[in-house]
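Readers should treat all values here as calculations from the given coordinates under stated rules, not as data from a laboratory. Just so we're clear, the structure is a prediction, and the values are computed from it rather than from any experiment. Using ideal geometry, Cβ is built from the backbone for each residue, glycine included, and neighbour counts are taken over all protein chains shown.
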Amino acid sequence: MTSIETERFILRPFETGDLDFLDALHGDEMVMRYILGRVRSPAENIAYLNNLLTLEEDHGIGHRVVIRKEDNQPVGRCGLSFFYGMEVSEEISEEFGAGNSPEDGMKNGQMMSYVLDPNSLPSNMKTGTKAGTVVISRIFELGYTFLQSAWGKGYASEAAAAMRHDSLHRLKIPEIHSVIHQDNMGSIAVAEKIGGRRLGACRILGNPGWDYVSTL
């Protein structure tokens, strides 16, 4: 992967030496509140970093470290990863409450439910194939996570806008998503600011979410 430069940042690929930064970023309960709902352990961060490096090598995508130019310090991560989704029934989606009409993400009583790890899906389901009436799909997901000290400064919008442009124009990815917990108002604001269009309600790791999409 190449590095990307914005007015205030250098977004570079992750390296093995970035583990300490991931421990700090993923060790903050408030940062992780709408991602996993808990902090990541040091062992989980090692696995996360290894997965990033593999994603970069095998697919040419992944999250980048966001380096602030003025002090050469990492302040966040931003980039693409794969999410895996399947349609779930109307009964399951009822927990989302009022306002989730077909225009809000329901199709014939179905909505998408996304996970990070395809191995967490039922063993008889495979990506891109049908298992009974269930289709498992893989999407490109644009995510952004920043240190608390970097919140409220427009950092996420600047970095995410650069990654969105790179993904659509240089990588020629036809459609990228941002799947966001419904209570994560900061990330929702970023998705809308950079031009994401809300497809509708979904589930993300079992929680109520919104699915935003960007296309050329």
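Full-extension gain between Thr215 and Glu57, please, as 0.36 nm times their residue separation minus the C-alpha to C-alpha distance. The partial results should precede the final answer.
Working: separation 158, 0.36 × 158 = 56.88 nm, distance 2.48 nm.
Gain in length upon complete extension: 54.4 nm.
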How far apart, in nanometres, would the label points at Glu15 and Thr2 be if each is projected 7 angstrom from Cα along the Cα-to-Cβ direction?
2.0 nm
Taking 7 Å along the Cα-to-C-beta vector as the label spot, tell me the Ile46-Asp117 distance in nanometres, rounded to one decimal.
1.6 nm
Between Leu171 and Ser137, what's the calculated FRET efficiency when r is the beta-carbon distance and R0 is 30 Å? Round to 0.05.
0.95
In the stretch 141-181, which residues have a backbone nitrogen under 17 Å from the label point lying 7 Å from Met30's Cα in the Cα-to-Cβ direction?
145-156
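What ranking do Trp210, Trp151 get, fewest neighbouring Cβ atoms within 10 angstrom at the top? Working shown, then result.
Working: Trp210 23, Trp151 15.
Arranged by neighbour count, lowest to highest, Trp210, Trp151 become Trp151, Trp210.
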